[in-house]
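Taking it in order: structure first as structure tokens, then the write-up.
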Amino acid sequence: MLGRQKFDRFSFKRFFCVSFISLFLLTGCLKEKLDHWLNEETYLFSGTYDNQYNNDTLVFRDGSVLISSPHRALSVPYEVDGTLITIQVRNNSKEKRPDIVMRIHGDGEVLTCSACAKYNLSNIWVKVNFIPRSEAGTQ
């Protein structure tokens with residue numbers, strides 16, 4: 001009976017160690033897939049936007065937006081929730097700077113922003129090479 005208890009404890013420890021190591025190794029692979037699944041709306045939103053006033057562009061891809069102008073470039077995370085895009089401009093949680101919130105119009109052909117002027121950005125952005133859904137289905 002005593003030998004059986006030692007074997008059961010050893011088996012449990014080995015099972016626990018193998019399970020923990022397997023979970024640890026899989027976590028790295030699954031984390032990215034889980035993030036894409038939980039934030040599907042964000043990862044599906046992509047495209048390049050420009051404005052009529054200057055050469056600034058916004059490039060949305062994989063949860064990160066590249067804000068570029070002739071004098072600077074900045075890559076920051078964004079999140080889509082329905083018709084709103086929230087662009088995180090704070091460098092850390094201690095900063096008091098508010099995020100940029102943009103509204104998506106139509107099929108994503110136009111973005112508007114009421115607070116972009118604070119960051120020297122245009123308030124209207126138009127998608128480059130936009131193809132409406134109705135035309136995209138016929139081509």
Count of the range 90-139 residues which are of a type outside the set (Phe, Trp, Tyr) and at pLDDT 85 or above: 29
Count - residues of the range 47-103 that are closer than 20 Å to Val128 by Cα, over 17 Å from the mean Cα position of the chain (by Cα) and not in a strand (DSSP E or B): 7
Qualifying residue in the range 77-90 (condition: touching a residue at least 24 places away in the same chain (Cβ under 8 Å) and either open to solvent by 50 Å² or more (accessible area, probe 1.4 Å) or out of contact with any strand residue (DSSP E or B) (no Cβ under 9 Å at 6 or more places or on another chain) (or both)): yes
Members of the range 34-58 that are at pLDDT below 70 and not acidic (Asp, Glu): Leu34, His36
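The values are calculated or read from the model by the stated rules, or taken from the named source; none is laboratory data. Computed from a prediction, not measured in an experiment: that's the story for all the values here. A quick note on method: Cβ atoms are made from the backbone with ideal geometry, for glycine too, and the neighbour counts reach across all protein chains shown. Side chains included, ligands, DNA and RNA excluded: accessible areas come from the protein's heavy atoms. Shrake-Rupley method; radii C 1.70, N 1.55, O 1.52, S 1.80 Å.
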